[in-house]
Amino acid sequence: MSRGTLRIGFVGAGMISQYHLQGWTETKGAEVVAICDPDLEKARRRAETFGIPSVFSDLSSMLEVANIEAVDIATPVGTHACLVMQAADHGVHVMCQKPITPTMQEAYELIDYVGDRVRFMVHENYRFRPHYRQAREWITAGQIGSPLQVRLTMRSSGLVALGAEEAWLLARQPYLGKMPRLLIFETLIHHLDTLRSLIGEMDVLSCQLAHINHSILGEDTAIVVMRAQSGCLVVLDGTFSAPGYPAQVTDRLEIIGGQGTIIFENDELREMGSVERSIHYASSSPKGENQECFTIAVQHFVEGITTGRAFPTDRLDNLKTMRLMEACYAAAGTI
């Protein structure tokens, strides 16, 4: 439990780190005092941009020198377990990017290893996007009655290569092309977690995977059918290879309830039925990410540590999202 400003060590200086670090600048009660990355030049550039006083090449050195109380780990998934264990061994609280590990078995082993020695939150931020939070409030307030049918559609042209151009996603993150599991593991896991936050726990009834871009190893298209414990039917439908759509991910949500319907599309959230209203949200930032959800995730982490409250995306809650992801691949026959 921190009594003053929480001292944060940041791990990783890759593409996604800028959104985490911006979130820290917008969060009271905490300060990033050190950053580490094997590529020291990348770490120095991030430190200069965000006013971070100390730079290290590895977490071990940072833990020994920087006197930090918590770490934010934003590195490739295969590195997460080792880094989380190092932090826990030093009594340092952890927030770690999703997925926490490449496999469920590794996730169980990591969570068992850490135990309750330190607080451990997963940086799963999609559920904190403002339109999803508002939709959850409307559902919780009973505005549309009990949800009966849900469809969440994700579209991106990120893996569409037109002419001689390289696909945008592969130019941005080349490692994606070599991942044996791609769309669900990398992106739709966000949507699975968001659906859990909206309508509760679900079981996978069927899952179909496909390749539209055959130059990649993992799937770029998926359709998942689920049933919530309430009986609500849910369809999650996504692709990275949709010509004409933006390269960045765009979502469309429709929740049909007994008394009304909620629709989110084109930056507008609408409620129809017994109540008619709509909220327009500003488009994504120029860099294509919704900064607000990163910032809110960071703020939940700080609040949880300083007050002792449960994290919305605690490591045990996130295990449920990972199990749902694994159930998708099992239903598709890829396990």
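The values are calculated or read from the model by the stated rules, or taken from the named source; none is laboratory data. Bear in mind the structure is a predicted one, so any value in this text is a computation, not a measurement. Heads up, the Cβs are rebuilt from the backbone with ideal geometry, glycines too, and the neighbour counts pull from every protein chain shown.
Some observations on this one:
- Annotation: ASP116 fulfils all but one of (1) assigned to a helix (DSSP H, G or I); (2) surrounded by fewer than 20 Cβ atoms within 10 Å (Cβ to Cβ); the unmet one is (1).
- Candidates in segment 1-27 are the residues that are free of Cβ contacts under 8 Å to residues at least 60 places away in the same chain and more than 18 Å from ASN125 (Cα to Cα); of these, the one that is surrounded by the most Cβ atoms within 10 Å (Cβ to Cβ) is ALA13.
- Residues that are of a type in the set (Phe, Trp, Tyr) and either at pLDDT 95 or above or farther than 30 Å from HIS20 by Cβ (or both) within segment 253-294 comprise PHE264, PHE294, listed in sequence order.
- Some residue of segment 146-153 being at pLDDT 95 or above and either part of a loop (DSSP other than H, G, I, E, B) or farther than 25 Å from ALA327 by Cα (or both): yes
- Applying the condition of being basic (Lys, Arg) and not in a loop (DSSP other than H, G, I, E, B) to segment 119-133 and asking which residue is farthest from GLU326 (Cα to Cα) yields ARG133.
- The set of residues in segment 116-159 being more than 19 Å from HIS191 (Cβ to Cβ) and in contact with a helix residue (DSSP H, G or I) (Cβ under 8 Å, 6 or more places away or on another chain) consists of ARG117, VAL118, ARG119, PHE120, MET121, ILE144.
- So LEU170, is it within 15 Å of the chain's Cα centre (by Cα), assigned to a helix (DSSP H, G or I) and surrounded by 16 or more Cβ atoms within 10 Å (Cβ to Cβ): no
- Residue in segment 160-175 that is in contact (Cβ under 8 Å) with a residue 40 or more places away in the chain and within 15 Å of VAL224 (Cα to Cα) present: no
- Only one of GLY258, GLY244 that is small (Gly, Ala, Ser), under 22 Å from LEU205 (Cβ atoms) and not assigned by TED's automatic domain parsing to the domain that holds ALA74: GLY258
Okay, residues lined up against (1) modelled with pLDDT of 95 or more; (2) surrounded by 15 or more Cβ atoms within 10 Å (Cβ to Cβ); (3) under 12 Å from LEU316 (Cα atoms):
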| residue | (1), (2), (3) |
| --- | --- |
| GLN105 | yes, no, no |
| ASP112 | yes, no, yes |
| PHE120 | yes, yes, yes |
| HIS123 | yes, yes, no |
| PHE128 | yes, yes, no |
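- The condition of being assigned to a loop (DSSP other than H, G, I, E, B), closer than 30 Å to GLN105 by Cβ and modelled with pLDDT of 95 or more holds for only one of ALA242, ALA327, ALA310, ALA297, that being ALA310.
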